[in-house]
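> Okay, handing you the structure first.
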Ligand SMILES: [Zn+2]
């Protein structure tokens, strides 16, 4: 059993699995414990602030539940390879990051070898956002995968890096510039803390200067706070419900005591308690488990850069720093620097000069182990 994440969901999942009789559990988390976690991440105490979540959680559970071995890893899930993940029977995600989920989903789909049933690792994914949450069972290559349902995600505010760096148009672009580019440049090793009023004040002043330079209005302290945090408060009861559902599914899969969920349960506690379970269908044009390109309506008069600006917000793509290719040529590559420079002039060319109607464009991101294929239609 492998648990990804030892935060709000992860603490609940660890406790539930240990008390359900699972005896060999691995847990991965790259985060350290913050004082603001203590109201719901109940495996941590004040004296643990600053320590690794995975390590402290593992020690706590092993002390309280006899006979269970928990192996923690303090780092990113992407540090581990297919050999590592192949040792587990089931992988459970209690992650708060879309990127990390896309990564593990694609990795588990890639691991499936049709001649070796053991290579198929069920993935149980839990997620919460305020009073809402979902849990689901993914059998890689058999059921729909995480990427199939990417469009279920709410529209998140993301901005392409090239816009933030070079051509800001919105007050939000200026705040992102201050937090993503200026903070690390000015403060090198100091981590930005969005709960620290001095840090937010610095972001605000820096964003305001940037906004003046580009004659953009609307940068305020509260906007800065909102953009920098971009966080919906975590609710302990939602975590408990979703974690319980995930662990129920794990128990059913591990013991075959009962049929497991098919395959997506959504929960809402906003106005009253409501759940709905349905079968999310696999998509032929899923970039991870399907094999067809998906159609994308494009304007042939757009420049390549304008096309790229659509990608972070596009429900089908959601890639922030895309590199683009067709079967014949590189359209734009983010790295290495020589190829970036060589392909940069294409950014200002019109789409119709680069890609013909109906041609496929393949889009990659350094953080994702697959490419998204779009068929451009004019
Ligand atoms: Zn899929």
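The values are calculated or read from the model by the stated rules, or taken from the named source; none is laboratory data. Because the structure is a prediction, the values reported are computed rather than measured. So basically every Cβ, Gly included, is an ideal-geometry build from the backbone, and we count neighbours across all protein chains shown.
> Suppose we keep only residues that are outside any loop (DSSP other than H, G, I, E, B) and modelled with pLDDT of 95 or more within the stretch 84-100. Which one would you say is nearest to residue 5 (Cα to Cα)? First the steps, then the outcome.
Here is the first cut: in the stretch 84-100, the residues outside any loop (DSSP other than H, G, I, E, B) are 84-85, 91-93, 98-100.
Remaining after also requiring modelled with pLDDT of 95 or more: 84-85, 91-93.
Working: 84: 16, 85: 15, 91: 11, 92: 9, 93: 7 Å.
Top of the filtered list is 93.
> Output the number of residues of the stretch 284-312 satisfying the condition of being in a loop (DSSP other than H, G, I, E, B), crowded, with 19+ Cβ neighbours inside 10 Å and away from the ligand (no atom under 16 Å from the Cβ).
Number satisfying all stated conditions: 3.
> Given the criterion within 22 Å of residue 259 (Cα to Cα) and surrounded by 15 or more Cβ atoms within 10 Å (Cβ to Cβ), identify the matching residue among 120, 95, 170.
One residue alone meets the criteria, 120.
> Which residue pairs have Cβ atoms closer than 7 Å, lie 6 or more positions apart in sequence or on different chains, and pair a first residue in the stretch 280-294 that is closer than 9 Å to residue 148 by Cα with a second residue that is outside any loop (DSSP other than H, G, I, E, B) and more than 10 Å from the ligand (Cβ to nearest atom)?
Here the result reads 280/264; 285/294; 287/372; 287/373, each pair linking the stretch 280-294 to a residue that is outside any loop (DSSP other than H, G, I, E, B) and more than 10 Å from the ligand (Cβ to nearest atom).
> Let me spell it out: the conditions are (1) in contact with a strand residue (DSSP E or B) (Cβ under 9 Å, 6 or more places away or on another chain); (2) in contact (Cβ under 8 Å) with a residue 40 or more places away in the chain; (3) within 16 Å of the ligand (Cβ to nearest atom), and residue 74 meets all of them except one. Which number is the exception?
(3)
> Moving on. Within the stretch 247-277, how many residues turn out to be within 16 Å of the ligand (Cβ to nearest atom) and either without any contact (Cβ under 8 Å) to a residue 40 or more places away in the chain or not in a loop (DSSP other than H, G, I, E, B) (or both)?
So the answer is 1.
> Still on this structure, I have one more. Go through (1) within 16 Å of the ligand (Cβ to nearest atom); (2) assigned to a helix (DSSP H, G or I) and name the single condition residue 370 misses.
Going through the list (1) within 16 Å of the ligand (Cβ to nearest atom); (2) assigned to a helix (DSSP H, G or I), residue 370 breaks only (2).
> How about the stretch 147-161: which of its residues are away from the ligand (no atom under 16 Å from the Cβ) and modelled with pLDDT of 75 or more?
Once the filter is applied, which keeps residues that are away from the ligand (no atom under 16 Å from the Cβ) and modelled with pLDDT of 75 or more, the stretch 147-161 yields only 161.
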